[in-house]
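A.B. asks: Below is one structure. I have some questions about it.
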Amino acid sequence: MEVAVLTIGVLLPLVLQDYLTIYATRVLILCLFALSFDLVWGYAGIMSFGQAVFFGSAGYGVALIARDLGVTSMLLVLPAGLLIGFTFALLLGGFLLLGRHQSSVIFVSLGTLTGSYAADRVARGWYYLGGQNGIPSIPSMSLGSYDLDEGPVFYYFALAILLLVYLLCRFLVGSQFGLALAGLRENEQRIKFFGYRVQRLKAIIFSFAGAIAGLAGSLFAFHEGFVWPNMLGVVMSTQVVLYVLFGGAGTLIGAVIGTVVIEALSFWLSNSYQDIWPIILGVLLLLVILFRPAGLISLIVSERERVGNFGRPPKERPHGPA
Amino acid sequence: MALLEARGLTKIFGKLTALNGAELSVEQNEFHGLIGPNGSGKSTLMKCIAGAEVATAGTVTFGGRDITQAPPAERARAGMSLKFQITSVLPALTLYDNVLLALQAQTSLPSLLFSRTRGVLHDRVMAMLEQFRLVDHAASPAAALSHGQQQWLEIAMALAPEPKLLLLDEPTGGMSLEERRVTGELLQPIKKRCSLVIVEHDLDFIRDICDRLTVLDQGSVLDCGSVRHIQSSPKVQEVYLRRA
């Protein structure tokens, strides 16, 4: 499945017209964003309705670095985006997750939602950040003297980053740390009696996911050429929830498929049914969530595969554990 | 010095006093039973010891250290392990992963990230499953087990990290007579390795495996001593006859 998706991803620019390649690049970056939400919700069971805070703050951060400092080198702006996403997630996660008492799901979801709403309002009202209009005309990201403009090169660059992050997440969720996350998701109350410091575990994965969202946000800012308050707000935060629910939370490939299908449907429906496309898309999303709560991926992946194996008894693996 | 000392433990929920100055002392390698009528405070006392509830008053010391306010994870890291009254295995995970999850809890973060202890812990996971007669189901999800087997899995998970003190809250609840007998057999060998505090309604079961008993009634200790002492205690007989 993963190889098939990757093959399609590699071949796509060869058959797409340029304007569609640009659209596909945007989708790849959103896939990266969806992976970050999937890690916190699908794997660790933390309901974050504010993932856009880290996406948008990194976008704004690199836009300011480019505008005010004239720095556009990808060797500086992408790590900066990562760091901004990580720092904001650490601050918000520290506040919401590291209290003396365990945070409830409602507290974390409303806290992150409020954070997203507040960030949107701050960006709209702050003149330095461009207010309602955001920051336009961000120069291209560069590597030495080469400017990375939108098009096939940017597409393959985004695909390479997505692949790297995907493999990193795959390594993470398949490790013993991934088993601890599965325990966190399945029964948080139980695992603290084994000795797991669950709040710390949550803060770690939340911050790591924030860094991925930050990387996505900084790529998005340079690809689109401008940043605007919606990137931080509730709409963007909800959109990423839908990507992951639609594709299948708790599977990395599900997050990618969900993003691609929703974005492709939106593109096609908005061209074909200009007036009613949001209604059609909304009904489709509802149908999937009602009849396939485990997402589209559950059509091809069993529940057992979705949960995963972290260790295998010798019967199944004669040469011992992985 | 006793391994576990609970002194003057009181727990109040609103207007209900669930524990009223309860005392408990458990020595190294001792099997200690908590008995008493329904609502006498046995499970609340277990929860206050394990950290699931924080006592309103009183102290708990474990290995000479005051853990009255310590969160459950710190108590577990100090060597205390709990099996809940209601089975709480992780149903979607395989039996193997359930035990591995319990075993790796105190592994450092870098080791977890790079799965450094997976190979080392493999033999211990398999030994635990073997000991509790679950090895044939190692690759099955825990949800596929019978109720009795889930209870055994949970005891295996609680015992896997080699705790100094194992707290078992009604380990034979919902088991058949045969399963209870087997559970007794499974628990006997652990006496060499750790102490045990057990809450159980089956008095025959608890009499067979425990060295000492504490009887609770209305949140207070009614009597404490050897099994023979408790069996002949007029106070205990009166409480049980009163409830009969």
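The values are calculated or read from the model by the stated rules, or taken from the named source; none is laboratory data. As the structure is a prediction and not an experimental result, all values here were calculated from the model. Every residue, glycine among them, receives a Cβ derived from its backbone with ideal geometry; neighbour counts consider all protein chains shown.
A.B. asks: Return the residue satisfying two criteria in turn: it lies in segment A:155-177 and is more than 18 Å from the chain's Cα centre (by Cα) and in a helix (DSSP H, G or I), and of such residues it is farthest from the other protein chains (Cβ to nearest Cβ). Walk me through it before giving the result.
C.D. replies: Quick first cut of segment A:155-177, residues more than 18 Å from the chain's Cα centre (by Cα) only: A:156, A:174-177.
Then drop every residue that is not in a helix (DSSP H, G or I), which leaves A:156, A:176-177.
Working: A:Tyr156: 29, A:Gln176: 4, A:Phe177: 4 Å.
Looking at the filtered set, the residue picked out is A:Tyr156.
A.B. asks: For segment B:205-244, what are the residues that are within 27 Å of B:Ile12 (Cα to Cα), of a type in the set (Val, Ile, Thr) and within 20 Å of the chain's Cα centre (by Cα)?
C.D. replies: B:Thr214, B:Val215, B:Val221
A.B. asks: Shifting gears a bit: Given the conditions (1) surrounded by 19 or more Cβ atoms within 10 Å (Cβ to Cβ); (2) free of Cβ contacts under 8 Å to residues at least 40 places away in the same chain; (3) more than 21 Å from B:Gln151 (Cα to Cα), report the number of the one that B:Lys47 does not fulfil.
C.D. replies: Evaluating B:Lys47 over (1) surrounded by 19 or more Cβ atoms within 10 Å (Cβ to Cβ); (2) free of Cβ contacts under 8 Å to residues at least 40 places away in the same chain; (3) more than 21 Å from B:Gln151 (Cα to Cα) leaves (3) as the failure.
A.B. asks: In segment B:81-102, how many residues are facing another protein chain (nearest Cβ under 7 Å) and assigned to a loop (DSSP other than H, G, I, E, B)? First the steps, then the outcome.
C.D. replies: Taking segment B:81-102 first, the residues facing another protein chain (nearest Cβ under 7 Å) are B:82, B:88, B:90, B:92-94, B:96-97, B:100-102.
Filter once more, so that each one left must be assigned to a loop (DSSP other than H, G, I, E, B): B:88, B:90, B:92-93.
Adding up the residues that qualify gives 4.
A.B. asks: Something else now. Only one residue in B:Leu159, B:Leu186 is at pLDDT 90 or above and hydrophobic (A, V, I, L, M, F, W, C), so which one is that? Working first, answer last.
C.D. replies: Numbers: B:Leu186 fails: at pLDDT 90 or above.
Going through B:Leu159, B:Leu186 in turn, the sole match is B:Leu159.
A.B. asks: For segment B:123-172, give me each residue that is of a type in the set (D, E, K, R), within 21 Å of the chain's Cα centre (by Cα) and assigned to a helix (DSSP H, G or I).
C.D. replies: Residues of segment B:123-172 that are of a type in the set (D, E, K, R), as a first pass: B:123-124, B:130, B:133, B:136, B:154, B:162, B:164, B:169-170.
From the residues that got through so far, the ones that are within 21 Å of the chain's Cα centre (by Cα) too are B:124, B:130, B:133, B:154, B:162, B:164, B:169-170.
Scanning segment B:123-172 gives B:Arg124, B:Glu130, B:Glu154.
A.B. asks: Separate question: Mind checking which residues of segment B:123-140 are touching a residue at least 40 places away in the same chain (Cβ under 8 Å) and more than 7 Å from chain A (Cβ to nearest Cβ)?
C.D. replies: Residues of segment B:123-140 touching a residue at least 40 places away in the same chain (Cβ under 8 Å): B:131-133, B:137-140.
Listed by number, the residues that qualify are B:Gln131, B:Phe132, B:Arg133, B:His137, B:Ser140.
A.B. asks: Take A:Leu269 and decide whether it is without any contact (Cβ under 8 Å) to a residue 24 or more places away in the chain, part of a helix (DSSP H, G or I) and surrounded by 14 or more Cβ atoms within 10 Å (Cβ to Cβ).
C.D. replies: Numbers: without any contact (Cβ under 8 Å) to a residue 24 or more places away in the chain: yes; part of a helix (DSSP H, G or I): yes; surrounded by 14 or more Cβ atoms within 10 Å (Cβ to Cβ): yes.
Answer is yes for this residue.
A.B. asks: For segment B:212-238, give me each residue that is surrounded by 20 or more Cβ atoms within 10 Å (Cβ to Cβ) and either of a type in the set (A, V, I, L, M) or free of Cβ contacts under 8 Å to residues at least 12 places away in the same chain (or both). Quick ask: steps written out before the conclusion?
C.D. replies: Residues of segment B:212-238 that are surrounded by 20 or more Cβ atoms within 10 Å (Cβ to Cβ), as a first pass: B:213-217, B:219, B:221, B:230, B:236.
Matches in segment B:212-238: B:Leu213, B:Val215, B:Leu216, B:Val221, B:Ile230, B:Val236.
Every residue, every condition in (1) without any contact (Cβ under 8 Å) to a residue 40 or more places away in the chain; (2) closer than 21 Å to A:Gly131 by Cβ; (3) in a helix (DSSP H, G or I), yes or no:
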{"position": "A:Gly214", "(1), (2), (3)": "no, no, yes"}
{"position": "A:Phe220", "(1), (2), (3)": "no, yes, yes"}
{"position": "A:Thr238", "(1), (2), (3)": "no, no, yes"}
{"position": "A:Gly250", "(1), (2), (3)": "no, no, no"}
{"position": "A:Ile253", "(1), (2), (3)": "no, no, yes"}
{"position": "A:Gly258", "(1), (2), (3)": "no, no, yes"}
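A.B. asks: When you scan segment B:103-122, how many residues do you find that are in a helix (DSSP H, G or I), surrounded by 20 or more Cβ atoms within 10 Å (Cβ to Cβ), of a type outside the set (Lys, Arg) and at the interface with chain A (Cβ under 7 Å from one of its Cβ atoms)?
C.D. replies: 4
So that you can scan it fast, the table gives a plain yes or no per residue for (1) under 29 Å from B:Arg180 (Cβ atoms); (2) touching a Ser or Thr at 6+ places or on another chain (Cβ under 9 Å):
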site	(1), (2)
B:Ala55	no, yes
B:Leu101	yes, no
B:Thr107	no, yes
B:His122	no, no
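A.B. asks: Being under 13 Å from the mean Cα position of the chain (by Cα) and of a type in the set (Asp, Glu) is the filter here, so list the residues in segment A:37-91 that pass it.
C.D. replies: Residue satisfying the conditions is A:Asp38 alone.
A.B. asks: A further question follows. Provide a single number: the residues in segment B:186-211 that are surrounded by fewer than 16 Cβ atoms within 10 Å (Cβ to Cβ) and within 16 Å of B:Gly174 (Cα to Cα).
C.D. replies: 3
A.B. asks: Still on this model: Sort out for me the helices (runs of 4 or more DSSP H) sitting completely within segment A:1-106 that have 1 or more residues that are touching a residue at least 40 places away in the same chain (Cβ under 8 Å) and acidic (Asp, Glu).
C.D. replies: Numbers: elements: A:2-15, A:18-37, A:51-64, A:74-97.
It comes to A:2-15, A:18-37.
A.B. asks: Of all residues being facing chain B (nearest Cβ under 7 Å) and touching a Ser or Thr at 6+ places or on another chain (Cβ under 8 Å) in segment A:181-190, which is surrounded by the most Cβ atoms within 10 Å (Cβ to Cβ)? Just the residue, please.
C.D. replies: Keep residues of segment A:181-190 that are facing chain B (nearest Cβ under 7 Å), which gives A:182-183, A:186-187, A:190.
Then drop every residue that is not touching a Ser or Thr at 6+ places or on another chain (Cβ under 8 Å), which leaves A:187, A:190.
Values: A:Asn187: 19, A:Arg190: 23.
For segment A:181-190, the residue satisfying everything is A:Arg190.
A.B. asks: I'd like to know if segment B:126-149 contains one or more residues that are of a type in the set (A, V, I, L, M), within 28 Å of A:Phe208 (Cβ to Cβ), crowded, with 22+ Cβ neighbours inside 10 Å and touching a Phe, Trp or Tyr at 6+ places or on another chain (Cβ under 8 Å).
C.D. replies: No.
A.B. asks: Does B:Val60 satisfy being buried (at least 19 other Cβ atoms within 10 Å of the Cβ), touching a His at 6+ places or on another chain (Cβ under 6 Å) and either more than 25 Å from A:Leu184 (Cβ to Cβ) or of a type in the set (A, V, I, L, M) (or both)? If you could, list the steps in order and put the result at the bottom.
C.D. replies: Numbers: buried (at least 19 other Cβ atoms within 10 Å of the Cβ): yes; touching a His at 6+ places or on another chain (Cβ under 6 Å): no; either more than 25 Å from A:Leu184 (Cβ to Cβ) or of a type in the set (A, V, I, L, M) (or both): yes.
The answer is no for B:Val60.
A.B. asks: Cβ-Cβ under 6 Å, sequence separation 6+ or interchain: first residue in segment B:142-165 and within 12 Å of chain A (Cβ to nearest Cβ), partner outside any loop (DSSP other than H, G, I, E, B) and of a type in the set (Lys, Arg). Which pairs?
C.D. replies: These pairs meet every condition: B:Glu154/B:Lys83; B:Ala158/B:Lys83.
A.B. asks: Return the pair list, or none, for Cβ contacts closer than 6 Å from residues in segment B:1-18 that are under 13 Å from B:Ala55 (Cβ atoms) to residues that are in a strand (DSSP E or B) and of a type in the set (A, V, I, L, M, F, W, C), at least 6 apart or on different chains.
C.D. replies: Going by the 6 Å Cβ cut-off, the qualifying pairs are B:Ala6/B:Leu24; B:Ala6/B:Val60; B:Leu9/B:Leu19; B:Leu9/B:Ala22; B:Thr10/B:Leu19; B:Thr10/B:Ala57; B:Lys11/B:Ala18; B:Lys11/B:Leu19.
A.B. asks: Right, another one. From the list A:Phe193, A:Phe222, A:Phe208, A:Phe246, exactly one residue is surrounded by 24 or more Cβ atoms within 10 Å (Cβ to Cβ), modelled with pLDDT of 95 or more and not acidic (Asp, Glu). Which is it? It would help to see each step written out before you state the result.
C.D. replies: Numbers: A:Phe193 fails: modelled with pLDDT of 95 or more; A:Phe208 fails: surrounded by 24 or more Cβ atoms within 10 Å (Cβ to Cβ); A:Phe246 fails: modelled with pLDDT of 95 or more.
Answer to the selection: A:Phe222.
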